[in-house]
Amino acid sequence: MTQTPPRQRDAVRTRAEVLAVATEVFADDGYSGARIDEIARRTRTTKRMIYYYFGGKEQLYLAVLDNAYRGIRKAEQTLQVDEMNPIDALRELAELTYEHHLRNSAFIRLVSIENIHRGKYIRKLESLSDLGQPAVTILDGIIAQGKKQGAFREEVNALDLHLLISSYCVFQIANRYTFSYLFDPDFTTQPRRDRMRGLIGDVVVAWATATTR
């Protein structure tokens, strides 16, 4: 088996570390507020080295966006939906999305920042132009099987379901501090999170099967 040369391993490790730290910095401070000097300090590397690996601040931000969006797609690909009945598969996908967003709050902050910029930077990522397709494809497969079995109503479609799941999962991260202050001081406790995970599963299944019960 061919071993990766030490220098190449170090480069891969350094690039991954810079990307992880840059994700937190951009998510915390936004594109305008983020500083390469701060990223370099946290990674114990040099500004020059970061530019060497990524090319500049904008290129680093684009790499962060690309990596963040690919994370949820990778998580979805771990589901073995072909081995489940469609109702269980739909619930599993909704709950997986909830858990991913909960564990990756930086992703939600990055999405919010990018929308503040009206998608200025994500439009430069041609690599993401087809990234939404896998999510829709998974849902298309679940929906097709559900309709075939008579479990889902004919009006159900992948885009509506994806929007429903995403809107719920994004809201509970993006607004958790204001929502907790205004309505529920226990919004971020584990019992509340468990309840919310189950709720999104219940909602999507109830909507998809509404006229078949």
Task: Relative intensity, log₁₀ I(q)/I(0), of segment 19-171 from a Debye sum that treats every alpha carbon as a point, q = 0.16 Å⁻¹ - done: -0.89
Open item on the list: Just to confirm my numbers, what's the Cα centroid distance between segment 31-79 and segment 137-160 in Å?
Closed with: 37 Å
Task: Accessible area of segment 77-116 belonging to carbon and sulfur atoms, whole % at 1.4 Å probe - done: 46 percent
Open item on the list: Just to confirm the number: angle between the C-alpha axis of helix 57-77 and the first principal axis of the chain, 0 to 90 degrees, nearest 10?
Closed with: 30 degrees
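Please compute the contact order of the chain in relative form: average sequence separation of alpha-carbon pairs under 8 Å and at least six residues apart, divided by the residue count, as a percent.
Relative contact order, the chain: 22 percent.
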Task: Nearest 10 degrees, 0 to 90: helix 6-33 Cα axis against the chain principal axis - done: 70 degrees
Task: Protein accessible area in segment 173-213, 1.4 Å probe - carbon and sulfur % - done: 56 percent
Task: Gaussian network model of the chain, springs between alpha carbon atoms under 10 Å - residue of R197, R13, R109 with greatest fluctuation - done: R13
Task: Listed residue (I36, Q145, C169) projecting farthest to the positive dipole end of the chain, Cβ model - done: I36
Task: Using θ = phi - 60° and Karplus 6.51 cos²θ - 1.76 cosθ + 1.60, couplings along segment 155-166 (whole Hz; Gly, Pro as x) - done: 6, 5, 9, 5, 5, 4, 5, 4, 5, 4, 5, 5
Task: Whole-Hz couplings from phi, Karplus 6.51/-1.76/1.60, listed for segment 81-95; x for Gly and Pro - done: 5, 5, 9, 10, 6, x, 5, 5, 5, 5, 4, 4, 5, 5, 6
TODO: Please turn the phi angles of segment 113-126 into ³J(HN,Hα) values with the Karplus equation 6.51 cos²θ - 1.76 cosθ + 1.60 (θ = phi - 60°), one per residue in order, whole Hz, x for glycine and proline.
DONE: 4, 5, 6, 4, 7, 6, x, 4, 8, 5, 5, 8, 9, 4
Task: Pairwise label distance in nanometres, M84 with R35, each label 7 Å out on the Cα-Cβ vector - done: 4.6 nm
Task: Heavy-atom accessible area per residue - the chain, 1.4 Å, Å² - done: 59 Å²
Open item on the list: Compute a Gaussian network model of the chain, connecting alpha carbons closer than 10 Å, and tell me which residue from I36, I165, I116 fluctuates the most.
Closed with: I116
Task: Cα-based helix-to-principal-axis angle, 132-148 vs the chain, degrees rounded to 10 - done: 10 degrees
- [ ] Please build a GNM for the chain, connecting alpha carbons under 10 Å apart, and tell me which residue among D88, D186, D29 fluctuates the most.
- [x] D186
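The values are calculated or read from the model by the stated rules, or taken from the named source; none is laboratory data. Since the model is a prediction, treat every value here as computed from it, not as a measurement. Virtual Cβ from ideal backbone geometry, glycine too; neighbours counted across all protein chains shown. Protein only, heavy atoms only, side chains kept; ligands, DNA and RNA dropped before computing areas. Shrake-Rupley method; radii C 1.70, N 1.55, O 1.52, S 1.80 Å.
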